[in-house]
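Here's the structure, in C-alpha cells; my notes come after.
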Amino acid sequence: MTSSPNKKNAPEPKKTLSEKEKIKQQEFQEEAIEHINALYNYALHLTMNPDDANDLVQETYLKAYKFFDSFEKGTNCKAWLFKILKNNYINKFRKNAREPGKVDYDLIKDFYHSIKDAQNDNEDLNAGYFRSLMHDEVYQALNSLPEEFKEVIQLCDIEGFTYEEIANMVESPIGTVRSRLYRGRKLLRTKLNDFAKKHGYNTENGETP
Amino acid sequence: MNCTQAQNLMSAAVDGELTLKEQEGFEKHIQTCPTCFREFKEAQKTKNIIREKIIRFKAPQSLVNSILKLSDTPL
C-alpha cells in the first residue's frame with residue numbers, strides 16, 4: 001500500500017464513532033456492563049452450558065446495545081437486560097430443551113465441577129464475588145424444581161428483583177409470582193431439610209427438632 | 001386474618017413486599033398462629049439458604065472484553 005499523507009478528501013480508513021454514538025456508548029457502558037456477571041449466571045442456570053451461556057450473554061448485549069435508545073432511563077437496567085436474555089433464550093434454546101421438571105443430576109454435577117474448576121484459577125477475590133461456597137445439594141435442590149418455580153426463586157432470591165419486575169419478566173400477574181414463590185419455597189424446603197439440619201440452619205428461635 | 005389469607009401473603013411477607021396494612025394483619029396473625037409462624041420462619045430460612053449458598057460465577061474475561069468491544073464498534 002502506498003502512503004499518501006496529502007490526500008485530502010479520502011474517506012476515513014475506519015469507521016469512527018459519531019458524537020451521538022459516543023454518548024450512547026458511554027451510557028451503555030455505565031448502565032449495562034456492570035450487570036454482566038448477573039447475566040452470565042442467569043444464562044448458566046438456563047442453559048447449563050458455559051458455551052451457550054457465553055453466546056446468550058453476547059447476543060443479549062448486542063441486542064441491548066442496538067435497542068439501547070428504547071431503554072427508559074431511571075428504570076432498572078438489570079431487569080431490562082434479563083428480559084432480553086430470557087426472550088433470547090426462549091427463541092434460541094427452549095424449543096429443543098429438555099422437558100421442564102426433568103433433571104439430569106449427572107449433568108448438573110458435571111457442569112458444576114467443570115465450571116468451578118475452570119474458574120478457580122482466576123477468581124478475583126477483590127470483587128467479593130465468590131463470597132459464598134456453593135453446595136451441590138442446594139444447587140441440585142433448586143434445579144430439581146419445576147421450571148416456573150425455579151425461575152421466580154432465582155429472580156427473587158438470587159438476583160433480588162422486585163415482584164413487579166419479576167411479573168414483567170415472566171409475563172404473569174404479581175399474584176402469580178407470589179403464589180409461585182410460596183409454593184416453590186415450600187417444595188424447596190422439603191428438599192433442603194436435610195441440608196439445613198446438617199449445616200445448622202435449623203437453630204432459629206422456636207425451632208426445636 | 002385467617003390462615004389461608006396469611007398463606008397468600010407468606011412469600012410477600014418474606015420478601016418485604018407487603019403493604020403496611022397487609023403487614024400489620026399478617027404480623028397479628030402469626031403472633032397467634034404457631035403453624036403460620038413456623039411456616040413463615042421456614043420460608044425465610046429457605047430464602048436465606050438459596051441466597052447464601054448458591055455460588056456466583058464471574059463472567060469470563062474474554063466475554064467481558066468482547067462486550068466492551070461491541071459497544072466500541074459503530075453499528
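The values are calculated or read from the model by the stated rules, or taken from the named source; none is laboratory data. All of these numbers come straight from a predicted model, not from anything done at the bench. Cβ coordinates were reconstructed from backbone atoms using ideal geometry, including for glycine residues, and neighbour counts include every protein chain displayed. Remember, those area values only see protein heavy atoms, side chains included, never the ligands or the DNA or RNA. Shrake-Rupley method; radii C 1.70, N 1.55, O 1.52, S 1.80 Å.
For residue A:46, the conditions (1) open to solvent by 80 Å² or more (accessible area, probe 1.4 Å); (2) modelled with pLDDT of 80 or more all hold with the exception of (1). Across the range B:55-75, the number of residues qualifying as at pLDDT 80 or above and hydrophobic (A, V, I, L, M, F, W, C) comes to 6. Residues considered: B:55, B:30. Of these, the only one that is more than 7 Å from every other protein chain (Cβ to nearest Cβ), buried (at least 18 other Cβ atoms within 10 Å of the Cβ) and of a type outside the set (Phe, Trp, Tyr) is B:30.
Taking the conditions exactly as written (closer than 30 Å to residue A:62 by Cα, more than 16 Å from the chain's Cα centre (by Cα) and either within 7 Å of chain A (Cβ to nearest Cβ) or not aliphatic (A, V, I, L, M) (or both)), does residue B:61 satisfy them or not? Yes. Residue count for the range A:141-164, restricted to those that are within 19 Å of residue A:40 (Cα to Cα), touching a residue at least 12 places away in the same chain (Cβ under 8 Å) and open to solvent by less than 40 Å² (accessible area, probe 1.4 Å): 12. For the range B:34-52, a tally of residues being more than 7 Å from chain A (Cβ to nearest Cβ) and either crowded, with 20+ Cβ neighbours inside 10 Å or more than 23 Å from the chain's Cα centre (by Cα) (or both) returns 3.
In the condition set (1) modelled with pLDDT of 90 or more; (2) out of contact with any His (no Cβ under 8 Å at 6 or more places or on another chain), residue A:202 is compliant with all but (1). Name every residue in the range A:144-163 that is more than 10 Å from chain B (Cβ to nearest Cβ) and either among the β-branched types (Val, Ile, Thr) or outside any loop (DSSP other than H, G, I, E, B) (or both), in order of residue number. Residues satisfying the conditions are A:147, A:148, A:149, A:150, A:151, A:155.
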